[in-house]
Every structure is written in structure tokens, then in C-alpha cells.
1. Could you work out the relative contact order of the chain? I mean the mean sequence separation of Cα pairs under 8 Å and 6+ apart, divided by the number of residues, in percent.
2. Shape of the chain from its Cα gyration tensor (a ≥ b ≥ c, root eigenvalues): rounded if a/c is under 1.5, otherwise prolate when a/b > b/c, or oblate?
3. Between Ala97, Ala15, Ala72, which gets the highest mean-square fluctuation from a Gaussian network model of the chain, Cα cutoff 10 Å?
4. For each of Asp48, Asp104, Asp89, count neighbouring Cβ atoms within 10 Å of the residue's Cβ, then give the residues from fewest to most.
5. Spin-label point model (7 Å from Cα, Cβ direction): what's the Ala79 to Arg62 distance in nm?
6. What's the exposure ranking of Leu56, Leu65, Leu35, going from fewest to most Cβ atoms within 10 Å?
7. In deg cm²/dmol and to the nearest 500, what is the mean residue ellipticity at 222 nm of the chain if only DSSP H runs of at least 4 residues count, each as -39500 (n - 2.57), divided by the residue total?
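Each reported figure results from applying straightforward, stated rules to the coordinates on display, with no laboratory input. Bear in mind the structure is a predicted one, so any value in this text is a computation, not a measurement. Backbone-built Cβ (ideal geometry, glycine too); neighbour counts: all protein chains shown.
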Amino acid sequence: MGRPDLAADAQQARARARALHGSLQRLLALPPGTLVLPAHVSVPVPFDGRALVATLAEVCARVALLGKPEAAFVDAVLARLPTAPPNHDRIVAINEAGLFPDDDPTELEAGANRCAVA
């Protein structure tokens, strides 16, 4: 799951975590065979040319946090956040400008970007 705290104060992060819960609940209403392709991961993944994919049923079985009520979900998400990624501001600036980075983009998105909830 993406992080609700980046570029946010504590109140904004809590509101974003509640919105994240609502969004995930809508996704969980889809058929169990729905394929999930995550946009964020909490550990580095090698670029091996294969898509990261699982069925919604597999994700639900592995991620207990998805079954929690909103308040418990929000508290758990906010308690599990790693330090902010050092390259976050640069990634945002590049994305907002619609530019392609001058250097290898995998260096921005791989390894220590820490843009997902652990």
C-alpha cells in the first residue's frame, strides 16, 4: 500500500489513511480472482522482467491488515511507516513536471525509495 504520510502533517496523514482504507474496501469487493498488480512494495524487487501479480484472494490471505476495521487499519498503517524516502521530493518534482529523469529511473524507484507501508 502506498504511504499516507508523505508531504502531510499528522492530521492529513490520518485522513489519507482513512481514504486508503475506503479505497481498499472497494477493491476487496471485486471477485476473488481479480489480478492485483501493486504500485508499491515494501521491499526491493529485482527488475527481472516479470510482473508482480497475485489474485485478490491471495492478497487477502497474506495481508491481515486488509480485514481490519477502519480505526484499527488507520492506527496500524500509521504505526508501521518507515522513514521518509530521501528521493521523494525529487520523484514528485519529476512526475509533476512530466519529465523523464536524466539518470537511470530505476535508481529512483528501486531500493531505498520506501514509498510503501511495511
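1. Values: 116 pairs, mean separation 42.2, N = 118.
The value is 36 percent.
2. Values: a/c = 2.03, a/b = 1.25, b/c = 1.62.
Note, shape of the chain comes out oblate.
3. Ala97
4. On the way: Asp48 6, Asp104 9, Asp89 12.
Least crowded to most crowded, the residues run Asp48, Asp104, Asp89.
5. 2.3
6. Values: Leu56 18, Leu65 15, Leu35 12.
In order of increasing Cβ crowding within 10 Å: Leu35, Leu65, Leu56.
7. On the way: 5 runs with 50 residues, N = 118.
Taken over the chain, the calculation gives -12500 deg cm²/dmol.
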